[in-house]
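Beneath this line is the structure, given in structure tokens, with notes to follow.
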Amino acid sequence: QKKKLLEELGENRLPYVTPADADFHQLWKTKYSKLIFRRSDTVPEELHQMVQEGFLTLQNHDCFFQDLVRIKGKDFVTPVSRILIGNPGCTYKYLNTRLFTVPWPTEGYDIKYCSPQIHDACKALIRLNDYLHIEAVKALQGQNLFETKEIKDTTVIDREQNFATSLTVKGSVSKDQSSCCVPEDDYISLKNRTSYNLTLLNYMDPLQMRYLKQEPYFGMGNMAVSWHHDENLVERSTVAVYSYSCEGSAVEGNNEEKLKGRDPAVWHVGLKVAWDIETPGLVVPLHQGDFYLMLDDLNMTHQHCVLAGFSPRFSSTHRVADCSRGTLEYIFGQCELALQNLQTDSDSMALSLKSLETSVVKQVEEIHNEVEFEWLRQFWFQGKRYLKCTDWWLKPMAKLEEFWRKMEIMTSLVLSEVRKEEQIEEQRKETISCVLLVLTERQRLRKEWTAR
């Protein structure tokens, strides 16, 4: 799709609007209405202080890491450094790389941090998470209530010029006020689609980067993060992004360098309708402490990118990750299911399989692959770095390794059984063909992971 779009464009560039354009507000309202922007002065000062101190603490403890990701069979190191913080036992997968949460302080969990400062940083981020959850519920309720009529109460404010940088619906709606307009089921749905279970923190200093990609469609300048949809999220869930650029630490851009309406010294978020060349793009400046929300299906219908300024920048991107296959609870459940087919003789203590049914054997071997390639190898591939924050993952990983060893024995037992002469030929062939597929995949993935 990207290649086709670039071929169609040739040497031309698509139009985009910034707050400096007269039609900025109209375009936002008609084509990008599910992007909600909040200026830093709407956020409590105490929260700003806690979160910004937390960012700097994590940086001082070398807790931000570049990820090795896999795109179309090739490995790339991300220009942005990241750390995942969230619910204990949660993971987040993007571009074939699974990140494991540094757990934030959670009741009922014994989490030992490497220092009290790291504990405080994680605590600040769960505070920010709670705040953004409430803001997202209000914003979604506002959209539900106002979407049928013109949004009249739109604040139009800018720091440097009198252009619109903020689209906000005045008078946020509390649950009590909205109960007559928002049915209970919808309220539960709103809550679920905004209950962030983790945040992916990003850090980048553009002046330390030897090379940054140029934005290819609009000519917007240097990109810190290319055009994308956020992946591995609960459908129609909100993404909330809090931005903290260390302003004042970089050289301000001179006017000659200015792109069309965009100061290259300032960080921006860019949005476009996915694979569309009719609708102009939208570019919104991000100043210290601003945040924005991508509501409902905006992340599915649109793509976004981050345009680099001159100063270093942190961001905290809060998500409702789809953890249906990405929690410790899930993978332990899978292991228990697989190990139901293993039995121990009470006298000899010899291990054997309860069933050689093809469906049972196939299920066990697939779980075996899942444990090895989606968890153990993903963790140890870059997992030691989490020890800079906490050793919380070491015990569950040791437990998973124990399960994996038992599954290795189960594979050997299957192979021993099919070698036995008393096996019925038809059943033997069926078992072999089923196991062979999974073992071939295991061998291929082991070679791939060794290379990585």
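It is to be established whether one or more residues within segment 299-308 are β-branched (V, I, T), outside any loop (DSSP other than H, G, I, E, B) and in contact with a strand residue (DSSP E or B) (Cβ under 6 Å, 6 or more places away or on another chain).
yes
For S416, the conditions (1) under 39 Å from the mean Cα position of the chain (by Cα); (2) exposed (fewer than 13 other Cβ atoms within 10 Å of the Cβ) are fulfilled apart from (1).
For H287, the conditions (1) open to solvent by 30 Å² or more (accessible area, probe 1.4 Å); (2) under 28 Å from L125 (Cβ atoms) all hold with the exception of (1). For beta carbons closer than 6 Å, sequence separation of 6+ or different chains, a first residue in segment 296-322 that is free of Cβ contacts under 8 Å to residues at least 60 places away in the same chain and open to solvent by less than 10 Å² (accessible area, probe 1.4 Å) and a second that is in a loop (DSSP other than H, G, I, E, B) and not polar (S, T, N, Q), there are no qualifying pairs.
Apart from one condition, S316 fits all of (1) in contact with a Phe, Trp or Tyr (Cβ under 6 Å, 6 or more places away or on another chain); (2) at pLDDT below 95; (3) polar (S, T, N, Q); the exception is (2). Residues of segment 260-280 that are farther than 13 Å from M223 by Cβ and part of a loop (DSSP other than H, G, I, E, B): K260, G261, D263, A265, V266, A274, W275, D276, I277, E278, T279, P280. Within segment 22-43, the residues that satisfy the criterion of being under 19 Å from N144 (Cβ atoms) and part of a loop (DSSP other than H, G, I, E, B) are Y32, S33, K34. Filtered by the rule that a residue be polar (S, T, N, Q) and under 21 Å from E329 (Cα atoms), segment 376-397 gives Q378, T390.
If I filter segment 216-227 for residues that are closer than 24 Å to H268 by Cβ, in the same structural domain as L293 (by the TED database) and open to solvent by 40 Å² or more (accessible area, probe 1.4 Å), do I get at least one hit? Within segment 216-227, one or more residues are closer than 24 Å to H268 by Cβ, in the same structural domain as L293 (by the TED database) and open to solvent by 40 Å² or more (accessible area, probe 1.4 Å). Residues T411, T431: which one is modelled with pLDDT of 90 or more, assigned to a helix (DSSP H, G or I), more than 34 Å from the chain's Cα centre (by Cα) and assigned by the TED database to the domain that holds W375? After applying the criteria, what remains is T411.
Which count do you get for residues in segment 178-208 that are surrounded by 14 or more Cβ atoms within 10 Å (Cβ to Cβ) and at pLDDT 90 or above?
14
Residue by residue through segment 91-104, note down the ones that are open to solvent by 10 Å² or more (accessible area, probe 1.4 Å) and assigned to a strand (DSSP E or B). Don't jump to the end; show me each part of the working.
Taking segment 91-104 as the starting set, the residues that turn out to be open to solvent by 10 Å² or more (accessible area, probe 1.4 Å) are 93-96, 98.
Hits for segment 91-104 are K93, Y94, R98.
Within segment 333-377, the set of residues being open to solvent by 20 Å² or more (accessible area, probe 1.4 Å), in a loop (DSSP other than H, G, I, E, B) and of a type outside the set (A, V, I, L, M, F, W, C) comprises Q340, D345, S346, D347, S348, K354, S355, E357. For segment 385-401, which residues satisfy the criterion of being under 21 Å from L337 (Cα atoms) and out of contact with any Cys (no Cβ under 9 Å at 6 or more places or on another chain)? Once the filter is applied, which keeps residues that are under 21 Å from L337 (Cα atoms) and out of contact with any Cys (no Cβ under 9 Å at 6 or more places or on another chain), segment 385-401 yields K395, P396, M397, A398, E401.
One residue stands out in segment 235-246 among those that are open to solvent by 10 Å² or more (accessible area, probe 1.4 Å) and at pLDDT below 95: the one that is farthest from T327 (Cα to Cα), namely C246.
As for segment 68-80, it holds no residue that is outside any helix (DSSP H, G or I) and at pLDDT 95 or above. Any chance segment 53-64 includes a residue that's outside any strand (DSSP E or B), more than 24 Å from M223 (Cα to Cα) and of a type in the set (S, T, Y)? Within segment 53-64, one or more residues are outside any strand (DSSP E or B), more than 24 Å from M223 (Cα to Cα) and of a type in the set (S, T, Y). Any residue in segment 386-406 that is in contact with a Lys or Arg (Cβ under 8 Å, 6 or more places away or on another chain) and exposed (fewer than 14 other Cβ atoms within 10 Å of the Cβ)? Scanning segment 386-406 turns up at least one residue that is in contact with a Lys or Arg (Cβ under 8 Å, 6 or more places away or on another chain) and exposed (fewer than 14 other Cβ atoms within 10 Å of the Cβ).
Taking segment 108-132 as the range and being touching a Ser or Thr at 6+ places or on another chain (Cβ under 7 Å) and either open to solvent by 100 Å² or more (accessible area, probe 1.4 Å) or in a loop (DSSP other than H, G, I, E, B) (or both) as the test, the residues that pass are I111, K112, C114.
When only residues in segment 385-405 that are modelled with pLDDT under 95 and within 20 Å of the chain's Cα centre (by Cα) count, which is nearest to I85 (Cα to Cα)? Once the filter is applied, the top-ranked residue is Y386.
Screening C63 on (1) buried (at least 18 other Cβ atoms within 10 Å of the Cβ); (2) over 13 Å from A121 (Cα atoms) shows it passes everything except condition (2).
Applying the criterion of being of a type in the set (F, W, Y) and under 27 Å from L437 (Cα atoms) to the residues of segment 308-363, the residue that is nearest to the chain's Cα centre (by Cα) is Y330. Inside segment 1-23, residues that are over 26 Å from S237 (Cα atoms) and either open to solvent by 40 Å² or more (accessible area, probe 1.4 Å) or in contact with a Ser or Thr (Cβ under 7 Å, 6 or more places away or on another chain) (or both) make up a count of 15.
The values are calculated or read from the model by the stated rules, or taken from the named source; none is laboratory data. Please read these numbers as outputs of a predicted model, since none were measured by experiment. When we count neighbours, we look across all protein chains shown, and the Cβ atoms used for this are built from the backbone with ideal geometry, even at glycine. For the accessible areas, the whole protein counts, side chains as well, though only heavy atoms, and no ligand, DNA or RNA atoms are used. Shrake-Rupley method; radii C 1.70, N 1.55, O 1.52, S 1.80 Å.
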